[in-house]
Amino acid sequence: MTASTTSTGEGHHHHRTRRAARVDPLAALRAPGDPPRDVYLTGTVFLDIVFTGLDSAPVRGTESWARGMGSSPGGVANMATALARLGLRTSLAAAFGDDHYGEYCWDALEQGEGIDLTASRTVPGWHSPVTVSMAYEGERTMVSHGHEPPPEEPAPAHPPFARAAVASLTPGERAPWIAQAASRGTRVFADVGWDDTGAWDLAGLADLEHCEAFLPNAEEAMRYTGASCPRAAAHALTEHVPLAVVTLGADGAYAVDRRTGETAEVPAIAVEALDPTGAGDVFVAGFVTGTLAGWPLADRLAFAGLTAALSVQEFGGSLSAPGWSEIAAWWRKVQSVEGQDPGALRRYAFLEALLPHEETAPWPLRRAVPTIGFRRSA
């Protein structure tokens, strides 16, 4: 199934001006006494500056001009924004610098996205970490700078009660909040970064024992398990965690649920990738949303893949995350395109009952702004 865009221009719509259709995917499940938050997460917020529309990698000793540029909160903000835009009540614990970058990121997340930052802190005299990302040939190259915040600042000792939490595991390290959250009934979804130690030892991911789901990419899954293919790796991972989801890049995703014996595989949606920044985070957010809503495994995979596919058509990590308006507009659009595979359309028919039916905005949208600090219009 294809729903692609060829635009490479810059974003011109400030995130405050987007009219978003409000959809609560958990509306039917909410009851008195529920946790006040749907998802909790903690980590480092970066200011992301993303250059797109580069014809090739920068060449040493030369100047490259990019056709597009976007600025947005990045790092853990990618995941927090993706969750909030899908209608989940999202709480973020992070350290923010007291510089203009930190103010911008705080305002964009709290005011622009409705993310609960009561567990976050502003650190006096600490400057915000910054990442410059260059997207070309479907890949990205990043340069980052930052300093560690004071150790007591980034996360509260006791995480707020939430239905779910998203954790990024670090080989060889435990994060005490993960066990605390799991002991209170919070469902923990984990991903992992590249193992710079080269050990690829699952025993080093000690907090995996507290997690409900683990969502590595194919390369990570195979290295951790020694399996020769991603599907075998997913099955091997279920010895360590109830639910394993392995992303297969252009081939979609594969999941195994040890508790039910269920497996599911969903192909990727063909899109023209403008900027892959944050797509993995958007995938996890989509999967968490579907899981909390109680959807079947294949629907969760399909939804996660769809949200990730829509995000790579936009600049920037957090500001490219789709909301329900964009998902609805995509669904209307693909049904109107001739020659679609009926089976592929049926794969996404479960969206019909969820989506806002009013016309809320054109699709695709441009959402990342080229710079920060524009004066606000009255």
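The values are calculated or read from the model by the stated rules, or taken from the named source; none is laboratory data. The shown structure was predicted, so the numbers you read here are calculated from the model rather than taken from an experiment. Quick reminder, even Gly has a Cβ in these numbers, built from the backbone with ideal geometry, and neighbours come from all protein chains shown. Ligands, DNA and RNA are excluded from the accessible area calculation, which covers all protein heavy atoms including side chains. Shrake-Rupley method; radii C 1.70, N 1.55, O 1.52, S 1.80 Å.
Taking amide H as placed 1.01 Å from N in the peptide plane, the amide H of Asp99 sits under 5 Å from that of Ser128, each at least 5 places away or on another chain.
Distance from the Cα centroid of region 200-260 to that of region 73-134 is 29 Å (rounded to whole angstrom). Using a probe of 1.4 Å on the protein chains alone, the accessible area found for Ser91 is around 0 Å².
Backbone amide hydrogens, once placed in the peptide plane, bring Thr122 within less than 5 Å of Phe96, excluding anything fewer than 5 places away on its chain.
In order along region 121-131, the Karplus-derived 3J(HN,Hα) couplings, from 6.51 cos²θ - 1.76 cosθ + 1.60 at θ = phi - 60°, round to 9, 9, 9, x, x, 9, 8, 5, x, 10, 10 Hz, and Gly and Pro are given as x. Annotation: amide H of Arg163 within the under-5 Å range of Arg37, Asp38, Val39, sequence separation 5 or more or interchain, hydrogens built in the peptide plane.
When you count the other C-beta atoms within 10 angstrom of each residue and take the mean per peptide, 259-267, 232-240, 176-184 line up highest first as 232-240, 176-184, 259-267.
With Cα atoms as the point set, the radius of gyration and Dmax of region 22-75 evaluate to 20.5, 62 Å. Entry note: region 54-161 has Rg to Rh equal to 1.04, where both radii use alpha-carbon atoms and Rh is the Kirkwood radius.
Treat region 183-285 as a sphere of radius equal to its Kirkwood radius over Cα pairs and apply Stokes-Einstein at 25 °C in a medium of 0.890 mPa s; give the translational diffusion coefficient in µm²/s, rounded to a whole number. Intermediate results must be reported in sequence, preceding the final value.
Working: Rh = 14.2 Å.
Estimated via Stokes-Einstein, D reaches 172 µm²/s.
Backbone geometry of region 139-146 corresponds, through the Karplus equation with coefficients 6.51, -1.76 and 1.60 at θ = phi - 60°, to 3J(HN,Hα) couplings of 10, 9, 10, 10, 10, 10, 9, x Hz, x marking Gly and Pro. Packing, taken as the mean count of other beta carbons within 10 Å per residue, orders the peptides 96-102, 325-331 from highest to lowest as 325-331, 96-102.
Packing order of peptides 33-40, 77-84, highest average first: 77-84, 33-40 (average count of other Cβ atoms within 10 Å over each peptide's residues). Computed 3J(HN,Hα) for region 349-354, one whole-Hz value per residue from the Karplus formula 6.51 cos²θ - 1.76 cosθ + 1.60 where θ = phi - 60°, is 5, 4, 5, 3, 6, 9, glycine and proline marked x.
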